[in-house]
Each structure stands twice: as structure tokens, then as C-alpha cells.
Amino acid sequence: MNKNIKLGAVLIGLLVTTVSYQASDSYNDMVKKDTQQFRDFFSKKFPYVEMTDYANGVYALDSASREQWEEIEEFPPYELNVDNGESLFNTPFKNGKTYADCFSNGGIGIAQNYPRYEEGAKEVMTIELAINRCRQSNGEKPLKYKGGALADISAYMHYTSRGNKLALTVDSKGAYAAYEAGKKFFYSKRGQLNFSCADCHMALAGQRLRADITSPALGHTTGFPVYRSKWNALGTLHRRYGGCNKNVRAKPFKAQSTEYRELQYFQTLMNNGYELNGPSARK
Amino acid sequence: MKVKAKAKNGVVKVKMLLKHNMDSGQAKDKKTGEKIPAHYITDVTAKLGDADIFHAELGPAVSKNPYLAFQYKGEAGGKITVSWVDNKGGSKSTESVVK
Amino acid sequence: MNKLKVLLLAISIVFVGGATQAGDKGDLEKKLAYAKAQYAKAEKRGFAWTTTPKVLGKAKTALAKGDLKAAKKFIKKALVETEASLAQADTSDNNWQDFVPK
Amino acid sequence: MNIVRRDFLSLATKGAAALMAVAAFPSLVFARNDKAFGAHNLADAVANRYPGMTAADSDKITLKAPAIAENGAVVPLTVKSSLDNVKSISIFVENNPAPLATSFNLGPQNIAEVSVRIRMGKTSNVIAMVETDAGLFQTKQEVKVTIGGCGG
């Protein structure tokens with residue numbers, strides 16, 4: 001009797017595991033299929049562009065400005081931010097702990113693991129949000145999300161992760177829902193100009209919108225945070241998202257809002273397999 | 001400020017990135033609408049040991065966080081001192097070993 | 001006689017004009033409140049436009065100044081914008097998958 | 001401002017004096033030419049920077065500048081010259097409010113190749129002038145500055 005119950009429990013356990021394995025596999029399969037379609041779109045549109053070159057943003061398509069960009073990357077202004085970020089990262093909190101205590105591997109070389117879906121909190125966790133959560137759990141005030149000290153710390157953490165490949169997975173129903181929400185955001189038209197992310201960065205990628213050539217969506221997230229000449233400063237991906245939304249005259253969301261985190265989750269998943277190359281310089 | 005000095009085939013290339021806002025005096029404060037007073041680096045010098053190897057005079061048209069590069073005939077091993085002064089009396093100096 | 005006619009005409013114009021103005025103003029205030037509510041809806045759905053608050057502001061100012069013609073124009077514009085942004089939200093909810101390249 | 005500069009320069013001159021004894025390089029540190037930097041048109045800026053000199057076009061100067069600036073706030077420039085005995089290299093932006101952007105004082109120990117990133121308010125000719133013991137030489141290039149994009 002006891003044995004039977006035990007056996008039954010084991011069987012049910014096995015069954016449940018198998019089912020959940022199947023589910024997570026199918027989520028990842030669905031994401032993989034999307035990723036392939038996403039890449040096929042670009043390889044068809046720009047057959048002359050090397051797949052790896054999309055990590056360089058608009059410079060993969062805009063050869064005229066690429067030379068200027070390469071010149072700036074020779075000694076990029078964000079190196080000052082990385083240095084500052086390193087010293088901030090290593091400065092202990094008032095309680096004696098440091099950022100290193102909050103992250104795996106002491107926070108070094110781990111940026112490729114973000115954003116990720118946190119099953120407990122049921123939300124997308126970005127590295128910037130994790131930095132502030134770390135501060136708050138150590139009794140420090142959160143930093144502003146668009147630039148400044150937080151962007152510098154993020155820049156340092158990304159700098160130590162350069163060359164690491166993105167290999168994110170979507171392992172649960174909740175994670176897949178967040179991914180789908182980001183995908184929906186990406187393809188939805190917004191603002192007075194009625195443009196979606198996809199309109200500018202897929203359909204019109206490589207074309208001149210007013211003075212500037214638009215960047216391809218593939219590779220979008222790998223180089224962040226970025227030092228933009230326009231900002232004359234280093235800024236985060238979510239600052240850029242806000243700017244994009246404003247460009248199409250849509251009311252932007254707050255940096256680290258659920259919407260932008262889910263958008264980032266979708267975009268980063270499209271870049272799976274790409275190496276992180278941030279921070280980087282942009283116009 | 002960051003200075004990188006590298007020797008190759010008897011030529012040392014020195015590149016530097018100076019941390020400075022380089023306020024030109026033309027821009028306005030976005031919040032107050034008032035002009036931000038001019039505050040920019042006017043002179044940058046570099047020395048190899050005690051010898052002058054470079055002097056740049058800058059105007060406010062040089063970009064924020066100025067980037068400058070120059071070259072001189074030399075070898076690895078020496079120590080370069082780069083210094084700047086701005087129009088309000090600010091100054092900074094840093095050393096870098098030629099690699 | 002002529003003088004009286006002119007006077008009567010003037011009075012009637014003031015009276016009638018005043019009456020229509022009062023009626024229009026109340027009506028426009030209601031319409032403005034509706035436009036604001038529509039904007040709040042669009043905002044909640046994540047599809048508000050940055051242009052609309054400016055138009056709503058202009059409508060409010062015009063209404064306060066008693067410039068009903070201008071107020072009417074701005075309210076109409078705000079309504080067109082909020083309708084369009086809500087339509088974007090609907091399109092997003094119902095048809096977003098259509099925009100994914102296959 | 002002048003006092004500070006004088007202090008700085010006197011320090012620099014002391015350094016230079018020490019150097020003369022050791023390496024016999026001439027000092028490069030002259031007082032900054034404030035008049036040239038303060039000039040509001042190209043002719044005045046050049047006349048103050050290089051008084052009494054007229055620049056001759058030279059193909060021994062290379063000015064590497066973008067045809068279209070990505071962003072007027074950061075325009076990367078490199079000036080190279082194969083002329084002998086270069087004493088200084090100056091960069092002028094014709095349509096900037098103050099055309100003289102920067103001036104490099106070089107000595108015999110230098111290779112005449114310098115880089116800088118500058119601001120440009122609008123489309124303009126960028127003029128690189130190279131002063132040698134044989135006179136003043138120049139080359140120029142137009143750099144277009146576009147405004148009003150989404151930034152890519």
C-alpha cells in the first residue's frame with residue numbers, strides 16, 4: 001500500500017516534470033522560431049551585411065558615419081564613465097557590503113544573464129533594476145535610471161562582460177507572457193506619427209528619417225549603455241526607449257517600467273547568441 | 001583624465017581624454033533658460049620627463065570631454081605628464097608610462 | 001425711430017449672443033471634460049500622444065478667455081487625437097500579430 | 001584667469017628651462033593667443049594667430065574630416081602634414097562664432113599629426129593651417145552638419 005502510494009507519487013512527479021519540461025522547451029522553441037524569422041527578415045533585406053555586424057547598430061548599415069564612429073571608438077568618451085563606474089562599484093555601502101555581494105561572480109562578467117524573468121517576483125529583472133534593488137536591500141537610496149551614476153555602474157558591469165554571449169531562455173508561462181508583451185509592444189504603432197518600433201527599425205531600417213539613418217532592430221541592445229553625442233553623456237537603454245517614443249510623439253513610459261523591461265526582454269531574446277559589446281558610442 | 005601612450009617603430013602616439021564639460025558660453029540652461037557661462041580648457045601640455053613634447057591651445061569649440069592625440073619621436077619606457085588649465089583657474093595633471 | 005431700431009438691434013444682439021455664448025460654453029466645457037477623459041483612457045492603455053496635452057491646454061486657455069471659436073477648434077482636435085490613439089490601442093490588442101513579418 | 005595662466009605658464013617655463021639643459025628642445029609653451037581665439041570671423045582669427053602671414057594651399061597637408069558630421073557636437077578631425085619643420089597646426093571653422101577651434105604648437109621632436117574632436121554649429125569649411133619655418137600653408141574641406149534627426 002505504502003509502496004503503491006510512493007510509486008504513484010513518483011509517477012505523478014515524473015509526469016509533472018515531463019510536462020513542465022515539454023512546456024519550457026516549447027516556449028524556447030517558439031522564441032527560437034521568432035528569432036529565426038527576425039534574422040531572416042534582416043538577412044533578406046540586407047544580404048551584404050554580416051550577421052555579426054548588427055551588434056554595431058546603425059553603423060552596420062551606414063558606412064558614411066561608420067568611419068567617424070570608429071574614430072570615436074578609438075578612444076571613446078565612455079571610458080571615463082567605465083572608470084567612474086568601477087570606483088562606484090567598488091565603494092562599500094554604509095553597512096560595509098558592496099555591489100559584489102548582490103550578484104553572482106561578484107558582479108563581474110555577468111551582464112549577459114540580463115534581462116531575465118524572475119519567477120518569484122513574476123517580473124523581468126534588468127541589470128539596472130538589480131543594481132538599485134541591491135542598493136535598497138543595503139539601505140541605500142535608489143539611483144536615477146536614465147544616466148548618471150547608475151549608467152556608469154552598468155557600463156562597468158557591461159564592460160567586464162564584453163564578448164560574453166547572450167544565451168537567455170524562456171522557461172515558464174510567466175516568462176513567455178512577459179516576452180509576448182514585449183513583442184506586442186515592439187510591433188504596436190504608437191504616437192501621432194503612428195510608428196511602431198518595427199516600422200522604423202525593421203521596415204525602414206537603413207533609410208533616412210529626416211536627417212538620420214535608422215538602425216536595424218537586430219543587435220539593438222548589445223551595445224548599451226551608450227554614450228550619445230546628442231546627449232553628450234552616457235545613458236541607459238530605457239532613456240533611449242523614451243527618446244524613441246517621443247520621436248514618434250507617443251507619451252514615453254518611465255525608465256524601468258514594466259513595459260520597457262518587457263520590450264527589452266523581447267529585444268534581447270532576438271539577439272540571443274550575440275556577444276555583448278557595450279558600452280558603446282552612438283550619434 | 002585618461003592618457004594612453006604607445007611606442008611603435010620609434011614613434012610614440014599619445015591619445016588623451018580629458019574630463020571637462022567645455023561650456024562654450026553659447027548654450028542655455030534647459031531649466032532656467034539662462035546662459036551657462038563659458039568654462040573650458042584653454043591649454044594642454046605634455047612633458048616627457050622634463051621636456052615639453054606638446055602644447056595645445058583650445059577654444060570653446062572643442063567638444064565636451066576633449067579628445068586630443070599627437071605624436072613624437074621616441075621609445076617606450078618614459079613617463080609622460082599631461083596637464084591642463086581652464087579659463088576659471090581649474091587645472092589637472094596626470095602621469096602615464098609610455099608602453 | 002432709427003435710433004430706437006439700432007438700439008433694439010444692439011440689445012437683441014447682446015442678448016442673443018450672450019445666451020448662445022453661455023449655452024456653448026457649458027457645452028464646450030462638457031466636451032473638454034470628455035476629451036480629457038478620453039486622453040486619460042489612452043494614457044492608461046499606454047497609447048497617449050505627447051501632442052494631446054498641449055491641445056487640451058490650448059482649449060482650456062481659449063475657453064477661459066471666452067474665445068469659444070478657438071476652444072471649439074482645439075477640443076475637436078483633441079478628440080480626433082484621442083480617438084486615433086484609442087484606435088491604435090485597439091489595433092494593438094486585436095491585430096498586433098499582423099505586423100510581425102512572417 | 002590671466003594670473004592663473006601666468007602661474008601655469010611660469011611653471012611650464014621652469015619645466016622647459018630644466019628640459020633645455022637636459023634635452024635641448026625648444027619650449028613649446030607660449031602664452032595662449034587669446035586675441036585669435038576671441039576673433040569672430042575667419043580673417044581676424046587668422047590675422048591674429050598668424051600675423052603678417054598669408055596661407056598658401058598645399059597638398060602636403062591632409063585634413064581628415066567627415067563629409068557629413070554625424071553630430072555637430074562631436075566632429076572628429078585629424079591633420080597630417082609632410083612639410084618640414086612644422087611649428088604649429090591650427091584648425092579654423094569658418095562658420096563657428098569663434099572660428100579658431102584649436103592650435104597645436106609642435107617642435108622638432110613631433111611628428112606632424114594631430115587629432116581633436118570639435119563642435120560645429122552648422123555646415124562650414126574646416127581649414128587646417130600648418131606653420132613651418134618656410135611659411136604658412138593650408139587645406140580645407142567642407143563638413144556638413146545636419147540638424148533634426150531621430151539619432152538612428
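For this structure, a couple of remarks:
- Which listed residue is within 14 Å of chain D (Cβ to nearest Cβ), over 16 Å from A:L269 (Cα atoms) and surrounded by 14 or more Cβ atoms within 10 Å (Cβ to Cβ), from A:V58, A:V49: A:V58
- Every pair of residues 6+ apart whose Cβ atoms lie under 8 Å, when the first sits in segment A:219-234 and is without any contact (Cβ under 8 Å) to a residue 40 or more places away in the chain while the second is in a strand (DSSP E or B): none
- Filter result for A:R239 (under 13 Å from the mean Cα position of the chain (by Cα), within 14 Å of chain D (Cβ to nearest Cβ), open to solvent by 20 Å² or more (accessible area, probe 1.4 Å) and at pLDDT 95 or above): yes
- Single residue of B:K2, B:K13 found to be within 27 Å of A:S229 (Cα to Cα), within 13 Å of chain D (Cβ to nearest Cβ) and open to solvent by 30 Å² or more (accessible area, probe 1.4 Å): B:K13
- D:I89, sole failed condition from (1) over 11 Å from D:V143 (Cβ atoms); (2) open to solvent by 10 Å² or more (accessible area, probe 1.4 Å): (2)
- The residues of segment A:246-266 that are in a helix (DSSP H, G or I) and either of a type in the set (K, R) or open to solvent by 10 Å² or more (accessible area, probe 1.4 Å) (or both), listed by number, are A:K246, A:N247, A:T258, A:E259, A:R261, A:E262, A:Q264.
- Condition met for C:G57 (touching a Lys or Arg at 6+ places or on another chain (Cβ under 9 Å) and either open to solvent by less than 90 Å² (accessible area, probe 1.4 Å) or at pLDDT below 95 (or both)): no
- Considering segment B:41-90, and only residues there that are at the interface with another protein chain (Cβ under 7 Å from one of its Cβ atoms) and β-branched (V, I, T), the residue that is surrounded by the fewest Cβ atoms within 10 Å (Cβ to Cβ) turns out to be B:T42.
- Hits in segment A:65-97 (condition: under 21 Å from A:A281 (Cβ atoms), of a type in the set (D, E, K, R) and more than 10 Å from chain D (Cβ to nearest Cβ)): A:E73, A:E79, A:D83, A:E86
- Between D:G107, D:G121, D:G135, D:G72, the distinction of being within 11 Å of another protein chain (Cβ to nearest Cβ), more than 30 Å from A:S215 (Cβ to Cβ) and either open to solvent by 20 Å² or more (accessible area, probe 1.4 Å) or touching a residue at least 60 places away in the same chain (Cβ under 8 Å) (or both) belongs to D:G107 only.
- Test: residue in segment A:23-37 that is touching a residue at least 60 places away in the same chain (Cβ under 8 Å), at the interface with another protein chain (Cβ under 10 Å from one of its Cβ atoms), more than 30 Å from B:Y67 (Cα to Cα) and open to solvent by less than 60 Å² (accessible area, probe 1.4 Å): yes
The values are calculated or read from the model by the stated rules, or taken from the named source; none is laboratory data. All of these numbers come straight from a predicted model, not from anything done at the bench. Note that we place each Cβ from the backbone using ideal geometry, even for glycine, and neighbour counts take in every protein chain shown. Please note that ligands, DNA and RNA were not included when accessible areas were found on the heavy atoms of the full protein model with its side chains. Shrake-Rupley method; radii C 1.70, N 1.55, O 1.52, S 1.80 Å.
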